Amino acid sequence: MKNNGKYALYYILVIIAVIYIGSTLVSQTPKDELVYSDIVKMFEENKVKSFTVEESNLLEITDIDNKQIKFQLADFAVFYEDLNETIQKNLKSDVNKEGKLENFNYVPPTTFPWWVSFLPYILVIVIMVAVWWMFISRATKGTGAGGGGGLGGRMNSFSKARTKLGSDEKKKVYFADVAGADEEKEELKEVVEFLKNPAKFSDLGARIPKGVLLVGAPGTGKTLLAKAVAGESGVPFYSISGSDFVEMYVGVGASRVRDLFETAKKTAPCIIFIDEIDAVGRHRGAGWGGGHDEREQTLNQLLVEMDGFGVNDGVIVIAATNRPDILDPALLRPGRFDRQVTVNHPDIKGRVEILKVHARNKPFEADVNLETIAKSTSGFTGADLSNLLNEAALLAARKGKSLIGMRDIEESIIKVIVGTQKRSLVIKEEDKKKTAYHEAGHAIVTKKCVTQDPVHQISIIPSGRALGYTLSLPQVDKTSVYKNELQENIATLLGGRVAEKLVLDDISGGASNDILRATEIARKMVTQYGMSETLGPVVFGTGHDEVFLGKDYQSSRNYSEKIASQIDDEIHGFISKGYEMAEKILNECMDVLHFIAAYLVKHEIMDNEQFELCFTQGVTPEMLDAVRERKISESEESNRKRNDQIKEDNNNKKKSNSDNRINKGEVKNINPDNQTEEDKNNQKK
């Protein structure tokens, strides 16, 4: 019965096609090349030899040249009235020898009652109703005893929640597989412990949270933590996405929520995990849509199921979102999501643990240090670190290497942050020189500003959407930003534009993104951080301009036009100060600027050790080349030693296996001189 709908659709299409073809054939008439006035003219000029009018008012004429002509008359009565006298005049006879009309014939039309013309339409309607009735009756039978298919089954399936019951033992995740989130794991371990041993908490009068909301940036491991809870709990675990509740049909979302909780109650104690709950739990009553919005009905049903008149003992809801600011307040109150667990970016210790987890099945060279990688990846999430090691493995495989080296990982860091290098892109020497001075300006200002992170690499190879980059990697995790640091950030961003102006006496559009980022920093310093000496510690503007995220329709300006003008002046002041700082630094380091730019034009890349060497007295390009060659040779030597060590380990393993076989008596008399004929024959076999 599953194909009833498909077959019914085929029936309807076939019937429509037959009706269309039939009506086309019936209504098909000869193509008229003449108009009625031409026909009248032929009769008046006595050019008709014979003619016949069929029952369907089809006029068939044979002219004096024996040419056949067909014409569809609109009304024979009009034709008769117009040409009857002419026809009689042109009729050939003994009396009228000049007439050319030899004979004519007229078949009068058959008359039918008026209702006969409606029969084709009635027939089509009857056939359509019959097919639809057959379709409905079969679908109804399919939903009876033992039947779940047909239209009824499909309509009922719309109201079923599309949950997934986690039961695959091979793909289970445990807390041991989650690294860099120790505090978050402790919060969730209480939920698992309650499900395993509820008496431990109930004896003390404690009540387990009905809901746990996991909040964090994308890639921090919210879903992974939920999977770990599923693996550790040992109870039924239902997972569903927030977008699975909302459908094009009204009321389906609320019905699916009811079905989800009804299913969960039957298997309590259990866990329900709703991923990306902001898709259904968005703030009500704002933005587009009103109280009849399907999403709001679904949210209302979810609120009732979590903490309404019904009892859901033993059903714990875990949800994940990266936008907690747009969730409805009723969803976040105690009794629904009692506990909010914030999953932050991992610190350096957490990044080391995450790297260890993702490095389990990957072979590395001896010089690979996970702590060094962790220091270079501040701000990376767990997903970023996993992708980083995977990119390094792909890069090593592309080079034909058997081990992943530190150089592969460093290149992968640059690829993840900046983008793929486009070495095949042809660039004019003029643009290459401009890019070299631009990036050198960034790097020198970064070096001289004490609050900035050290320069890791400078490149003028096009990467991503940029013609070059200056990569600075933080050495420590930062939790706060300060005014001097932000001011020097602006100076660093403007260093490229300043270098172009000082050396080339011209500027390009390559600094557009730098200027945009510098302006954003300056605006936040004035309007959000309260770092303006003139305006003081005041926040300007509410920023509620995200209509489709559950905010107001317009952003409200809580300041006057005069204050707006002062804000613009303060922003311009921070930008001007940063420009002057960069200009002063580059004027003092003009020789270093020329030296770095010339080296970049020739070699395209400069690493941190070479960059630091540029600030020493008497440095030459040959000294920088020696640093590059030394690093390449060290990497090759390390790779060779690692390969030799692997070969030695494999040989020792083979020897150990051979000794074990001898001790077990599987191999005897391995010395050829001591072998008997029987042993030799056995060995051959």
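Only the coordinates and a few stated rules stand behind these numbers; no lab work does. Everything quoted here is computed from the prediction, not taken from an experiment. Cβ placement follows ideal geometry from the backbone for every residue including glycine, while neighbour counts extend to all protein chains displayed.
Multiplying the sequence separation of N84 and A598 by 0.36 nm and subtracting their Cα-Cα distance, what value in nm do you get?
Working: separation 514, 0.36 × 514 = 185.04 nm, distance 10.51 nm.
Contour length minus the Cα-Cα distance gives 174.5 nm.
The distance between label points at E55 and V357 comes to 8.7 nm (points 7 Å beyond Cα on the Cα→Cβ vector).
For the stretch 347-492, what ratio Rg/Rh do Cα atoms give with a Kirkwood hydrodynamic radius?
With Rg and the Kirkwood Rh in hand, the quotient comes to 1.00.
Relative to the 2.2 N^0.38 Å rule of thumb, the stretch 317-418 has a C-alpha radius of gyration ratio of 1.42. Each principal axis of the Cα cloud of the stretch 45-95 was taken in turn, and the coordinate range along them, longest first, works out to 32, 24, 18 Å. Legend: residue pairs K478/K577; K171/K362; K422/K631; K483/K602, Cα-Cα distance threshold 30 Å; pairs beyond threshold, K483/K602. A DSSP coil position with no more than 13 other Cβ atoms inside 10 Å describes the following trypsin sites (Lys or Arg not before Pro) in the stretch 303-382: R360. With a point put 7 Å past each Cα toward its Cβ, work out how far V126 is from R628 in nm, to one decimal. Going by the 7 Å Cα→Cβ label model, 9.1 nm. In terms of the mean number of neighbouring beta-carbon atoms within 10 Å, the peptides 52-61, 420-429 order highest first as 52-61, 420-429.
Hey, what does the equivalent ellipsoid look like for the stretch 168-245, semi-axes from the Cα gyration tensor as sqrt of 5 times each eigenvalue, largest first, whole Å? Don't skip to the answer; put the middle values down first.
Values: eigenvalues 95, 44, 43 Å².
Over the Cα atoms of the stretch 168-245, the semi-axes work out to 22, 15, 15 Å.
When you count the other C-beta atoms within 10 angstrom of each residue and take the mean per peptide, 221-234, 460-473 line up highest first as 221-234, 460-473.
For C614, the shell of other residues with beta-carbons less than 12 Å away shows a net charge of -3, using +1 for Lys and Arg and -1 for Asp and Glu. Protection proxy ranking, highest mean first, for peptides 203-215, 529-541: 203-215, 529-541, where packing is the per-residue count of other beta-carbon atoms within 10 Å, averaged.
When the chymotrypsin sites (Phe, Trp or Tyr not before Pro) in the stretch 594-635 are filtered for DSSP coil states and for at most 14 other beta-carbon atoms within 10 Å of their beta-carbon, the remaining sites are F615. Subtracting the Cα-Cα distance of K171 and I348 from their residue separation scaled by 0.36 nm leaves 60.9 nm.
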